[in-house]
Each structure stands twice: as C-alpha cells, then as structure tokens.
Amino acid sequence: MGREVWLTVTGEQKDADGRKDRNSTQCRAWYEKREDLHIFEYRERDPQSGAVTDSRLVFSKGYCSIERKGAVSTIMRFEPERELECMYETGFGSIPMRIFTKRLAMREVGSNFHGRVSYDLHLRGGDPMDCAVTIKAEPV
C-alpha cells in the first residue's frame with residue numbers, strides 16, 4: 001500500500017433496546033506499516049461546526065487503538081477478551097467508558113487493508129451497547 005490511502009471507518013452501535021445507529025467517515029489518510037503495525041493518520045472536519053479532530057488509528061493482530069485529539073478527544077484501546085476503561089472528552093464534558101473487546105480481525109488483500117473490532121461499550125455505567133468498527137483502506 002502506498003503512503004496515501006483512502007480510509008473508510010464505519011462505526012455501528014446497537015443499544016439494549018435494539019435501536020441501531022451507523023456512521024461512516026471516508027477521507028484521505030497517511031499510512032505506514034511498521035512490522036505488524038498498520039498506522040493510519042487522518043483529519044476529520046465536522047460538517048456542521050467545521051471543528052477539526054486529528055485521529056491516529058493503529059491496528060495489529062493483538063490490539064487496535066484509536067486516538068483522537070481536537071473537537072473530540074479520546075484514546076480507545078481494544079484488546080481481545082479484555083475490558084479497558086477510557087474517557088471520551090467533548091466540548092460538553094467527559095464521558096467515562098468501559099470497552100470489552102469480543103473480537104479483533106484484520107487482513108491484507110493485495111494493497112488493500114481490512115480490519116474489524118467487535119466490542120461491548122458501557123457509557124457512564126449504563127447498559128452495554130453492542131458495537132463494531134470496520135476499517136477499510138485502499139491506495140489513492
């Protein structure tokens with residue numbers, strides 16, 4: 001894969017009542033592979049406010065991490081069969097989260113990358129949400 005890629009990050013959430021939400025971001029990203037690490041860096045701009053968030057996504061066979069700084073700030077780490085805590089920082093305050101990673105998978109197909117993380121998300125001690133994030137990257 002080249003240095004610059006088209007990155008698509010899709011998040012899916014289903015709450016305890018069965019309500020589903022899905023969001024997707026597609027953007028250009030800088031890609032680097034170091035041994036078994038796949039590193040993506042990209043910038044997101046909120047379409048309504050114009051606020052910018054810089055993101056760094058790291059994917060390997062053993063973990064995935066998503067670090068965001070700017071309009072929204074958080075560091076989320078996903079490790080199979082582990083529950084980890086983190087804070088989701090917004091302009092309206094901090095939200096404590098617990099993440100239990102159920103499954104993590106990745107594969108390279110030619111010069112394309114595919115990754116998926118399935119996890120349970122607990123916000124402020126509430127009922128868990130069934131969530132997943134899918135990452136797809138292809139050369140520009």
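Scanning segment 28-62 for residues that are closer than 25 Å to Arg103 by Cα and among the hydrophobic types (A, V, I, L, M, F, W, C) returns Ala29, Leu37, Ile39, Phe40, Leu57, Val58, Phe59. Within segment 118-140, restricting attention to residues that are farther than 16 Å from Glu12 by Cβ and of a type in the set (A, V, I, L, M), the residue that is surrounded by the fewest Cβ atoms within 10 Å (Cβ to Cβ) is Val140.
The residues of segment 30-43 that are in a strand (DSSP E or B), of a type outside the set (A, V, I, L, M, F, W, C) and either touching a helix residue (DSSP H, G or I) at 6+ places or on another chain (Cβ under 7 Å) or in contact (Cβ under 8 Å) with a residue 24 or more places away in the chain (or both), listed by number, are Tyr31, Glu32, Lys33, His38, Tyr42. Restricting segment 20-42 to residues that are among the basic types (Lys, Arg) and at pLDDT 95 or above, the residue that is nearest to the chain's Cα centre (by Cα) is Arg22.
The values are calculated or read from the model by the stated rules, or taken from the named source; none is laboratory data. Please read all numbers here as calculations on a predicted model, not as lab measurements. Don't worry about glycine lacking a Cβ; one is built from the backbone with ideal geometry, like all the others, and counts go over all protein chains shown.
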